[in-house]
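A.B. asks: Below are the structure tokens for one structure; questions will follow.
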Amino acid sequence: MSKNQEDEIEWPASESNPPAHPYLSSLVSCKVGCDSWTNTSIAECSRTCNESFTANSTVKVAPCSTGCTFAQDVYVERIKAGLNPPSPPYLPSSDLVSNDSVVLQWTAANSSLVTYLVQWRFDQGNSDWRFYQSAQPLQEPNITVSGLHAYTTYRFRVLWLLTPDEFIPSLQSQAIQTLPFGAPSSPPIITQITSPTKRSVYVAWNPPQFPNRPLVAYNLILTNLDQNSALPVYKDLPATQRYYQFSRNVRPNTTYSVEVRAQNSEGMGPAAVANVTTLATNPESDSVYPVLLMGTNHHILRVDLDGGDDYFDETEDDKLFESANDSVSIIGVASHVRRQQVYYSDTAGTIGRVSMVNSSDTAVILTGVNHLSYLSVDWLHDRLYYVSGKVYE
């Protein structure tokens, strides 16, 4: 640019006195942008450009905005050139963490022009970084982060602010867990609820996001929504179990509500609730269903498997037969499905039978059998076989 051209450049006070050449006009506009940027945001600098030129002079506004960007880029590069790399924040002492807050420190930048913002995220899952009090950047390299959840693990990092639009993030901190406090503050997360059969309801869940201390149990409630007079079904499960299948008192084609609550040593948390409607009855197959027969030391148990539990809890309703003498143990069980009879043998040398449909219908078939053990039914020829005598290996 010649000396005469430089003399022609004037500050654009109004559109009535524009620079003589378009190139000089753009240069003046760019200089306005450079001079207007004072470590504010690009948006603020651009507003100054818009105020300096009228709306129909976009040829000047655009170079002015370019000047804003150029000024910021030069400033940022000069600051970065002399900065030490950001270090992650840390917990100075284990005493500086509570159930809802932590005290963080970090190595300060070697420039007084740098300010700081703190971000946090949950340690588990793919949690996004979130700002902690982003409205006011920090001047000092420390902060007390409050409002946290109890018994929750966090990660933190610090943003070194060079301008409102430019920052350098630190590495994330080590995992920091707040102290336990109170009952669970969030419900479990129901992941599945379904009716596998017409007489069962299956529910699965994940632990609550904020258990607030180690869990000790889950509490489940099954409620019949179609029949108000029906009593709810309650079930307590260990904290390690995250699924359950209801089958007791479950009816076909009925809508049920399932509530799942988590419990720790301080109490019960809020409930997760989901509804499901059981399958409708199929008249053609309603009378056919599987049955499990089990022999214990003193009982014969019958469990209907049409929507049975995933694991078995012995109840009075399941007892088909009970030994009258606690010193006598049941050692063999066999069934005749067509006759609906169950046969048993015991350590007293007795062979008896009990009806599968009427537990009061019992009879003793044989007594005094020495060393009685196993039973087997030949249902095709209606014969019962038993093993007696000592068995040597």
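Here is a yes/no grid of residues against (1) surrounded by 13 or more Cβ atoms within 10 Å (Cβ to Cβ); (2) among the basic types (K, R); (3) closer than 30 Å to P207 by Cβ:
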site: P88; (1), (2), (3): yes, no, yes
site: L91; (1), (2), (3): yes, no, yes
site: S98; (1), (2), (3): yes, no, yes
site: W106; (1), (2), (3): yes, no, no
site: A109; (1), (2), (3): yes, no, no
site: F122; (1), (2), (3): yes, no, yes
site: S127; (1), (2), (3): no, no, yes
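A.B. asks: How about region 138-150: which of its residues are over 19 Å from P85 (Cα atoms) and either touching a strand residue (DSSP E or B) at 6+ places or on another chain (Cβ under 7 Å) or hydrophobic (A, V, I, L, M, F, W, C) (or both)?
C.D. replies: If the condition is that a residue be over 19 Å from P85 (Cα atoms) and either touching a strand residue (DSSP E or B) at 6+ places or on another chain (Cβ under 7 Å) or hydrophobic (A, V, I, L, M, F, W, C) (or both), then I143, T144, V145, S146, L148, A150 are the ones that fit.
A.B. asks: For region 245-260, indicate whether the set of residues that are within 23 Å of Q177 (Cβ to Cβ) and buried (at least 17 other Cβ atoms within 10 Å of the Cβ) is non-empty.
C.D. replies: No, region 245-260 contains no residue that is within 23 Å of Q177 (Cβ to Cβ) and buried (at least 17 other Cβ atoms within 10 Å of the Cβ).
A.B. asks: Cβ contacts < 6 Å: first residue under 19 Å from A81 (Cβ atoms), restricted to region 164-180; second residue among the charged types (D, E, K, R) and surrounded by 14 or more Cβ atoms within 10 Å (Cβ to Cβ), any location; separation 6+ or different chain. Result?
C.D. replies: The qualifying pairs are P169/R157; S170/R157.
A.B. asks: Now, a different point. Restricting the search to region 68-108, which residues are outside any helix (DSSP H, G or I), within 21 Å of L159 (Cβ to Cβ) and of a type in the set (S, T, Y)?
C.D. replies: S87, Y90, S101, T107
A.B. asks: If you check every pair at least six apart or on different chains, which have Cβ atoms under 6 Å apart with a residue in region 258-279 that is assigned by TED's automatic domain parsing to the domain that holds K235 and over 22 Å from N224 (Cα atoms) first and a residue that is among the small types (G, A, S) and not in a strand (DSSP E or B) second?
C.D. replies: Pairs found: E266/G182; E266/A183; G267/A183; G269/A183.
A.B. asks: Of the numbered conditions (1) within 24 Å of Q136 (Cα to Cα); (2) modelled with pLDDT under 70, S57 satisfies every one except a single condition; which is it?
C.D. replies: (1)
The values are calculated or read from the model by the stated rules, or taken from the named source; none is laboratory data. Being a predicted model, the structure only gives us computed values, none of them experimental. So basically every Cβ, Gly included, is an ideal-geometry build from the backbone, and we count neighbours across all protein chains shown.
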